Amino acid sequence: MSRLFFVPKDWRAILLLAICVGTLPLGLENDYFMLILNVLALNALVVLGLNLLIGSTGQVSIGHAAFYGLGAYLSAIAGTSWQWPLPGAFAFAIILVAAVSLLLALPTLRLEGNYLVMATLGFNIIVTILFNQMEPLTGGPSGFPGIPRLSLGSFVLSTDRRFYYFIWAVFLAAFCLTLNLNDSRLGRAFKAIHENDLAAQALGIPSFRYKVVAFVLSAVYAALAGFCYAHYVTFISPKTFDIFYSVQLVTMVVVGGMGSLWGGLAGTVLLTFLPELLRHFEDFYVLTYGLILMGVLVFCPQGLVPVFLSVRWPSTWRKRPSLAARASSDSSRGGEPASSPSQALGSGMSESALSLRCLKDPHAGGRSDAAALLRLRKVTLGFGGLQALQSVSMEVGQGEIVALIGPNGAGKTTLLNIISGLLKPQHGEVLLEEKSLLGLSPHEIAACGIGRTFQSVQMYHQFSVLENMLVGFHVQGDSGFLAACLHMPGERREEALLRERASDLLQDFHMDAKAHQPVQHLSLLEQKLLEMARALALRPRILLMDEPVGGLHPRESELLVRYITLLRQHGIGIVLVEHDMNVVMRVADRVVVLQHGFRIATGTPKEVQQDPRVIAAYLGVKRS
Amino acid sequence: MFWLLIPQFFVSGITTGSIYALIALGYCLIQNATGLVNFAQGEFVMLGAMMMVSLTHVAQLPMPLAFLISTAAVAVIGVALEQGPLRHSRNRDILTLVMITVGASISIRGASMLVWGKNSHIFPPLGGESPIVLFNAAIMPQSLWILGISLCVLGLLYLFFHRTLLGKAVRAAADNPFGAVLLGISVRRLVALAFALSGALGALAGILVTPITSMSYDAGLMLGLKGFAGAILGGYGSTVGAVVGGLLLGILESFGAGLISSAYKDAIAFIILLAILFVRPSGLFGSARVKRL
């Protein structure tokens, strides 16, 4: 069922929700109650957008009341003052809000830290001031009356009840689209960006663009809700869209659990009914909201709803079968010679068991004598007074392992960061074949075919082993947001294909038995292998490895080294930063020695070992 | 005609600018100690002023005593915010902690509305109400007091951070908290100190600004945001930047309000905030940080 067009994975829960929503009004005569339910749906729509934003950027907006208000005012002005037809007013409002949110997102999402919170807060205040001051256009503080109701042909949504069915249908549709988006390649990329932005970029995920898209989408959700609101109540005033409404929305998000779509809906239900309970204590609204927001964050930051669920229902009731159960069912299939790398290690794995069947790239065929793949020319970079790299040049050919060694602080990792685009050199060139990599962002460089592993293993701890692999396979997919939201058949096929490829690659690394386990269950060796395998998903031509055997047992590092040499046979050029000289001297085709940012020697391992400058750098100079 | 107004704009810009500088400095202290944006900073400003109102009007205390008590009280509230909700949060994620300060800010605002009501309050300025005229600008004695006190406080803070062991410890902990712990500095106490200082700075700003603009329970948000805009303008996390940014923002706002439109006065600060994020996010005195992997 979940493979079908538009149908989300949680379709049973959605169906139940739709039935509840559909039957609820039958037993109700009270119009006031309908009004609250309609407001609830509007709030839930905005909260949905906010959760999408948090899920992808880890930042929250305290300015969504402004987008809500802009959606309402823009369509009210176009539809009433200028007499535009409804679809025109709708398009006008949505497009303008999207443009404004794009302008706001571009500068603020580029920065690290919580600038988005402040920028959106300030934006909300500017917009409220504009609503109040631009009297000829907005009616000022006294409000904007006489907005036409929504209608389809001659059918006007004139009663609360009619609007109820309309707005809940809109909400449910948006809910399905968002659930689908979360359960797709792009949703996975969003979560990856949230957890570890740099690692995501190193895997070719355009994180800045995705963050901007998430922000614009969430603003459009708010504008859609604002449009519906304006044409429902027919009178709007600036007071509705002030900063306190933004805070209310954020409280709903927090109570439901930040980033959880179902939680957001539950939080909205709770907090929309709260003012009704407090009706006789209006002065306490603000204080109550503040205390709820603070209390929930301090005592159960994952939100009330997840906590409630875990207390109320045993784990078997929840959506996924427990991980342990899955893992055992997976391993019971059995039959493979070695089900984990460490087992392979114990049984003294034969050479034949180690092979990378998934790498069938055109460059296969080992080392070639053609021109170098990756070339660095006179790369120079200083941080303030410290000269981290001084005119360093090096080349890496196809299927060649170049070891980069040097004492601590020599500039090895800095050089890797320059190649992968995290740092920009002040002078010099970085070329992949004939293409300059300078000026490209890290994700573009990754997509060009430069993979990377990190000094400290970068895993996504919220993901299973297989999902970690899938993050690496992101670049191999190309279906867009629309396809992901709608779960188009093509997008589903692509997802299945990526999963298949990811499992195949895992199998090559003998980790398929652990595919559905959380990464925390893996040993350091397995994590390092997984990180390497994940980088291979980029189909790299160059792989940058930062201390791959650091922290491993000698026999474990033996296995890892065998994988590295295997990569060489497949024609991948490798830059290896390593302190373990046994490993370096054994596998490296060439060694480049750095000290204090200078390249002090280069050559075959033998030559470098006998170079007096290298000996001096490592052992010091003998006093005579 | 226009030329004659420039000194006046300048004087009022410097006056509000020093207030923003004090608030910006409060953000800066907490940012350096914890890496957090403290959204309750503006509420510290409001609380200081409101306590001063109660102590002078209701309790009839003399000004200097009331001033000391209210500044100290807000400092204690600052520490309470840090020792209570922030320290006991189960999740150390920056977003969660920042949102906790948002919650604290809303709670303080709601509680203040219950205590002091929705009306705005005011108390008489220092040094009387007859202005001194200089170069076509009418300067209220309160403005001079604001400038003088702000300068004194900045001087004292400078001495504290550069001449005392405790102040140097704070700077060390801001630079590298882990290293500071290894040297036997109690970073937890320094964080509490940062909250106390920024509470006191906020209260001071609130007490100084109230005779000019009056104060109500909901004014903290706007003042806090402007202080933040000043801090960003100067370069977030830089103390010199906070002071210069605050002053510059005050002057720009005063000229903007005078030359363009006073109705949009409050919007100007945020347009500057967004513009600086767009053009030079590290601010005037900030430097881009390098992240180590």
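Derivation of every value follows stated rules applied to the coordinates shown; laboratory data play no part. Predicted model only: the values in this text are computed from it and were never measured. Cβ atoms come from the backbone with ideal geometry, glycine included; neighbour counts cover every protein chain shown.
Annotation: aspartates and glutamates with alpha-carbon distance below 17 angstrom to residue B:226 (same-chain offsets under eight excluded): B:43, B:218, B:253, B:266. Relative contact order of chain B: 37 percent, from C-alpha pairs under 8 Å at least 6 residues apart in sequence. Amide H contacts for residue B:139 (H built 1.01 Å from N in the peptide plane; partners 5 or more residues away or on another chain; cut-off under 5 Å): B:132, B:133, B:134. The residues A:602, B:213, when put in order of fewest to most other Cβ atoms within 10 Å, stand as B:213, A:602. For the residue pairs A:378/A:412; A:9/A:528; A:378/A:435; A:191/A:514; A:239/B:118; A:378/A:528, alpha carbon separations beyond 26 Å are given by A:9/A:528; A:378/A:528. Phi-derived couplings, Karplus 6.51 cos²θ - 1.76 cosθ + 1.60 at θ = phi - 60°, listed residue by residue for the range A:389-394: 9, 10, 6, 8, 10, 7 Hz, with x used for Gly and Pro.
Remark on the range A:1-69: hydrodynamic radius 14.7 angstrom, per the Kirkwood mean of 1/r across alpha carbon pairs. Applying D = kT/(6 pi eta Rh) to the range A:465-565, where Rh is the Kirkwood radius over alpha-carbon pairs, T corresponds to 4 °C and eta to 1.567 mPa s, the Stokes-Einstein value obtained is 88 µm²/s. Near residue A:454, the amide H atoms lying under 5 Å from its own belong to A:546; only residues 5 or more places off or on other chains count, and H is placed 1.01 Å from N.
Any idea what log10 I(q)/I(0) is at q = 0.10 Å⁻¹ for chain A, Debye with uniform C-alpha scatterers and no solvent? Values, matching the q order: -0.96.
Considering chain B as a Gaussian network with a 10 Å cut-off on Cα pairs, which listed residue, B:225, B:61, B:182, attains the greatest mean-square fluctuation? Most flexible of the set in this elastic network: B:182. Taken over the C-alpha atoms, chain B has Rg and Dmax values of 18.9, 63 angstrom. When each of B:152, A:300 is scored by the number of other beta-carbon atoms lying within 10 Å, the sequence from fewest to most is B:152, A:300. The charge dipole of the protein assembly as shown, taken about the Cα centre with unit charges on the Cβ atoms of Lys, Arg (+1) and Asp, Glu (-1), comes to about 1200 debye, rounded to the nearest 20.
Taking other C-beta atoms within 10 Å as the exposure proxy, B:285, A:454 rank B:285, A:454 from fewest upward. About the centre of its Cα atoms, the range A:11-242 shows a dipole size close to 420 debye [charges on the beta carbon of Lys, Arg (+1) and Asp, Glu (-1) only; nearest 20 debye].
For a paramagnetic label modelled on residue A:82 (point 7 Å from Cα along Cα→Cβ), amide N atoms under 13 Å away are absent within the range A:207-234. Contact order for chain A, expressed relative to its length and based on alpha carbon pairs under 8 Å spaced 6+ residues apart, stands at 18 percent. 3J(HN,Hα) along the range A:51-64, derived from phi through the Karplus expression 6.51 cos²θ - 1.76 cosθ + 1.60 where θ = phi - 60°, amounts to 5, 4, 5, 5, x, 9, 10, x, 10, 10, 10, 9, x, 6 Hz, with x in place of Gly and Pro. 3J(HN,Hα) along the range A:485-499: 5, 8, 6, 4, x, x, 5, 5, 4, 4, 4, 4, 5, 4, 4 Hz, from the Karplus curve 6.51 cos²θ - 1.76 cosθ + 1.60 with θ = phi - 60°, whole Hz, x for Gly and Pro.
For residue A:600, the amide hydrogen comes within under 5 Å of the amide hydrogens of A:593, A:594, A:595, counting only partners 5 or more places away or on other chains and with H modelled in the peptide plane. Once C-alpha pairs closer than 8 Å and six or more residues apart are averaged by separation and normalised to the residue number of the range A:11-242, the relative contact order reads 41 percent. Relative intensity of the range A:11-242 on a log10 scale, I(q)/I(0) at q = 0.07, 0.08, 0.18 Å⁻¹, equals -0.24, -0.32, -1.31, per a Debye sum over C-alpha point scatterers of equal strength in the absence of solvent.
Here each label is just a point 7 Å from Cα along the line to Cβ, and for residue A:581 and residue A:441 those points are 4.3 nm apart.
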